[in-house]
2 protein chains.
Amino acid sequence: MVVAGAGFGGLWAARTLAGSDVDVVLVDRNNYHTFFPLLYQVAAAELVPTDIAYPIRSIFRGTPNVEVRMASVTGLVASERRLETSAGPLRYDALVLALGSEAHFFSVKGAAEHAFALRWMDDAIPLRHHVLTRFEAAAASRDPLERRRLLTVAVVGGGPTGVEFSGALAELVYGPLLKDYPGLDADEVQVVLLEAAERVLSSMPERLGAFAAERLRKRRVEVRTGVRVEEVGPGWVRLAGGETISTDTVAWTAGIQGDPAIRRWGLPVGRGGRVEVDGCLRVRGHPEIYVVGDLAYREDANGRPLPQVAQVAIQQGRYVGKAILRHGPGGDAPPFRYVDPGMLAVVGRNAAVAHVFGRTFKGLLAWVLWLGIHLVWLIGFRNRALVLVNWAWNYVTFRRSVRLILPGARAGVLPPHS
Amino acid sequence: MVVAGAGFGGLWAARTLAGSDVDVVLVDRNNYHTFFPLLYQVAAAELVPTDIAYPIRSIFRGTPNVEVRMASVTGLVASERRLETSAGPLRYDALVLALGSEAHFFSVKGAAEHAFALRWMDDAIPLRHHVLTRFEAAAASRDPLERRRLLTVAVVGGGPTGVEFSGALAELVYGPLLKDYPGLDADEVQVVLLEAAERVLSSMPERLGAFAAERLRKRRVEVRTGVRVEEVGPGWVRLAGGETISTDTVAWTAGIQGDPAIRRWGLPVGRGGRVEVDGCLRVRGHPEIYVVGDLAYREDANGRPLPQVAQVAIQQGRYVGKAILRHGPGGDAPPFRYVDPGMLAVVGRNAAVAHVFGRTFKGLLAWVLWLGIHLVWLIGFRNRALVLVNWAWNYVTFRRSVRLILPGARAGVLPPHS
């Protein structure tokens with residue numbers, strides 16, 4: 001069988017099947033698994049990519065029944081049970097589609113061209129380089145308006161990613177970056193969080209959202225709620241009502257969707273580009289195709305769509321692995337039930353908000369909870385101690401070398417090295 | 001005054017002047033200093049870039065008389081005391097040129113197009129990605145000849161860099177990489193070291209060269225001496241005599257030269273594109289221009305050119321800094337004298353050769369010596385403990401995540417993420 005995608009959903013499906021007598025081919029366009037919940041820390045130069053990425057082949061070293069291939073998935077012919085990839089077609093008896101989601105810019109003009117998404121490693125590294133090179137350019141500029149534009153970062157979307165990223169960014173720019181650039185003034189620097197709803201973290205209880213906003217403001221993030229972005233251009237973002245913010249850096253965390261290319265595969269694609277699945281996470285009419293994670297559309301008992309978060313993907317991946325082992329590919333299994341462990345968001349070092357097991361936590365306690373949960377999950381990997389120590393080390397010590405502007409930067413201030 | 005280049009020479013010149021009443025502008029095209037002696041370990045996926053690079057601004061945080069600018073040096077008008085950069089012209093009363101060197105392909109056809117240099121971070125990262133993506137491609141190929149070509153790496157040049165890189169590469173490919181690719185056979189993998197002279201490490205005593213070659217062979221590196229590369233093409237390298245080696249990966253460590261663009265600046269450029277300097281490292285006719293490091297050409301008391309190694313650059317950088325402090329820019333100082341601490345080369349984990357203080361060491365003892373010397377030098381940085389611990393940690397533990405194929409890879413097996 002084939003597992004397409006080595007994010008949380010695909011990885012856990014394959015891990016559940018590892019060591020069994022089912023032959024699994026795991027395909028991903030990268031040779032590494034990304035620990036997405038910490039991706040924003042790479043963009044904020046708090047962690048290096050290697051801290052949150054792990055070679056897929058190393059994870060499946062000891063389990064010869066899982067074969068890893070690095071290839072992009074380019075198509076699916078369900079009637080012939082064939083997955084098309086950049087490395088040729090793959091035939092399957094059963095397929096787990098775990099291709100995740102990508103940024104959704106809705107129909108905001110210019111957003112796809114001028115805003116930075118924050119979904120993949122390929123997004124986070126250019127964003128980090130972009131912010132750092134803006135500071136370099138500002139240090140070399142004597143035009144106050146230009147400096148202001150270079151030193152303003154707009155984060156669109158006040159969900160967990162937007163809150164976490166703007167908090168981390170404020171720590172970076174008002175901390176080590178300003179120290180590195182003695183010629184720049186803290187008052188020239190601006191981090192703006194733009195949220196269309198009336199409050200941030202609308203998926204969490206109201207008091208947690210209020211706490212997060214207050215903490216962000218304390219860290220000098222300008223939190224603006226009830227503002228809708230209408231257009232993004234080169235060097236500016238325009239809000240509904242006509243106000244324009246002059247900024248070279250717009251980070252987009254306001255929405256995600258399934259890869260639009262999947263609409264052409266003939267699957268039942270619904271809201272948000274997600275594939276509708278039955279209780280066993282199978283595609284109607286194609287019981288041999290399972291969909292898990294962000295790409296799957298399934299409602300809970302109350303008719304609410306399952307959220308597109310790591311926990312859902314992990315539980316679905318494990319569920320499908322077990323269903324295949326116990327009931328055979330495409331077989332009827334007891335339906336998937338999501339056990340919601342709650343939600344967490346970090347507002348910065350030593351402060352977080354958490355809504356777990358029906359209770360709310362905030363401040364240092366929530367942060368320790370967040371730390372503990374992430375460490376436990378990181379520990380799920382082989383060679384766990386390494387990842388753990390590196391991560392803790394870098395996180396706690398503000399490793400400076402993370403702020404390198406390395407090759408691969410988009411829109412750098414410099415011409416490429418000749 | 002202006003210091004152009006933040007390699008060893010420029011960095012140490014600026015550090016020597018830091019805290020004095022001399023205003024220094026330090027220009028580099030990168031925002032980080034590279035610890036070049038360990039660059040090959042980045043290419044061999046033993047270290048991540050951040051382990052051997054350090055943000056220049058952080059080094060000069062506490063010394064306001066040193067201003068850091070990120071810009072490429074594009075020209076020099078010595079008669080007007082003006083350095084041209086990508087961020088505009090810089091006027092100087094005194095100038096320290098410390099622009100280093102780049103790969104010299106001599107007139108070997110196709111080498112500049114098809115071989116990977118190993119001089120800068122911009123070279124090391126693509127080379128690492130290239131090797132890793134070749135393994136991915138080989139795992140997906142069923143053609144034995146193609147697999148062989150993909151899994152063969154030719155290292156041209158048996159000097160310290162070639163010896164160290166081929167040793168580290170052998171450790172990578174026969175160790176963790178083969179474990180990651182159970183479908184590949186050790187006999188399909190090949191690391192070939194090609195040296196035109198009759199032995200490797202010709203700058204060191206003969207018995208050390210012999211020891212290094214023997215150790216490399218033990219680690220399955222095919223050491224070939226007395227072979228000259230005549231041409232490099234896409235997928236092959238042709239030797240004098242007509243023999244062709246089928247390989248997708250040619251790493252070039254056989255020569256360096258000063259940036260050819262410098263020849264147009266009107267300075268006395270001699271052998272190897274190096275600028276001739278007087279005993280005080282000043283350019284004849286322009287005593288306000290100092291040249292240090294790889295770019296400077298100066299002979300020792302025996303008429304031999306000073307080697308292009310880190311130690312020479314560091315000592316020259318310090319010398320120029322002190323000369324300017326004590327005798328004023330362009331003033332006559334006692335001439336520079338190089339104190340040769342010897343040479344070291346690592347053949348792999350736990351084995352090295354060293355020629356220091358007139359004595360030779362080899363094996364584990366030389367390796368410990370090498371380790372100690374590098375640690376002492378790395379400790380020369382601010383925030384020393386961090387760099388040190390990270391480095392030692394990664395080095396000793398074979399950090400796996402270094403083997404990620406991240407954005408920015410050249411000639412990857414995959415189309416760019418759309």
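All of the numbers you see were taken from the coordinates with simple rules; none came from a lab. None of these values were measured; they are calculated from a predicted model. Counting neighbours? That spans all protein chains shown, and the Cβs are built from the backbone with ideal geometry, glycine included.
Subtracting the Cα-Cα distance from 0.36 nm times the residue separation, let me have the gained length for A:Glu299 to A:Arg207 in nm, one decimal.
Taking 0.36 nm per residue and subtracting the Cα distance, the gain is 30.5 nm.
Mean shadow of the protein assembly as shown, computed from the convex hull of its alpha carbons, in nm²?
Quarter of the Cα hull surface area: 35.3 nm².
Once you order the gyration tensor axes a ≥ b ≥ c over the Cα atoms, which shape class does segment B:40-145 get: rounded for a/c under 1.5, otherwise prolate or oblate by comparing a/b with b/c?
Oblate shape, in that a/c is at least 1.5 and b/c is the bigger or equal ratio.
If you take every residue apart from A:Thr360 with its C-beta less than 12 Å away from the C-beta of A:Thr360, what net charge results, scoring Lys and Arg +1 and Asp and Glu -1?
Residues close to A:Thr360 contribute a combined charge of +2.
Taking the Cβ of A:Asp278 as the center, what net charge do the other residues with Cβ under 10 Å away carry, scoring Lys and Arg +1 and Asp and Glu -1?
+1
Taking every residue in B:112-123, how many Cβ atoms of other protein chains lie within 10 Å of its Cβ, on average?
1
In a GNM of chain B with a 10 Å cut-off on Cα contacts, which of B:His286, B:His327, B:His129 has the highest mean-square fluctuation?
Residue with maximal mean-square fluctuation among B:His286, B:His327, B:His129: B:His327.
Can you compute the FRET efficiency between B:Arg228 and B:Thr74 using 1/(1 + (r/R0)^6), with r the Cβ-Cβ distance and R0 = 56 Å? Round to the nearest 0.05.
Efficiency, from the Cβ-Cβ distance: 0.95.
Can you list which of the GluC sites (Glu not before Pro) found in segment A:126-210 are DSSP loop residues with at most 16 other C-beta atoms within 10 Å?
Of the GluC sites (Glu not before Pro), the ones in loops of segment A:126-210 whose Cβ has at most 16 other Cβ atoms within 10 Å are A:Glu198.
Would you please name the trypsin sites (Lys or Arg not before Pro) within segment A:181-245 that are DSSP coil residues with at most 15 other C-beta atoms within 10 Å of their C-beta?
A:Arg220, A:Arg228
For every other residue with a beta carbon closer than 11 angstrom to the beta carbon of B:Val269, add +1 if it is Lys or Arg and -1 if Asp or Glu, then tell me the sum.
So the environment of B:Val269 carries a net charge of +2.
Rounded to the nearest 0.05, what FRET efficiency do A:Leu371 and A:Ser20 have when you use their Cβ-Cβ distance and R0 = 35 Å?
Plugging the Cβ-Cβ distance into 1/(1 + (r/R0)^6) gives 0.55.
Could you tell me the convex hull volume per residue, in Å³, taken over the Cα atoms of chain B?
Roughly 149 Å³ of hull volume per residue.
Just A:Gly255, A:Gly167, A:Gly342 to compare: in a GNM of chain A, with alpha carbon springs under 10 Å, which one fluctuates most?
Taking springs between Cα atoms under 10 Å, the residue moving most is A:Gly342.
Over segment A:69-202, what per residue volume does the convex hull of the Cα atoms give, in whole Å³?
Once divided by residue count, the hull of segment A:69-202 is 175 Å³.
Could you work out the helix-only [θ] at 222 nm for chain B, with each DSSP H run of four or more residues adding -39,500 (n - 2.57) and the total divided by the number of residues, to the nearest 500 deg cm²/dmol?
Result for chain B: -9000 deg cm²/dmol, rounded to the nearest 500.
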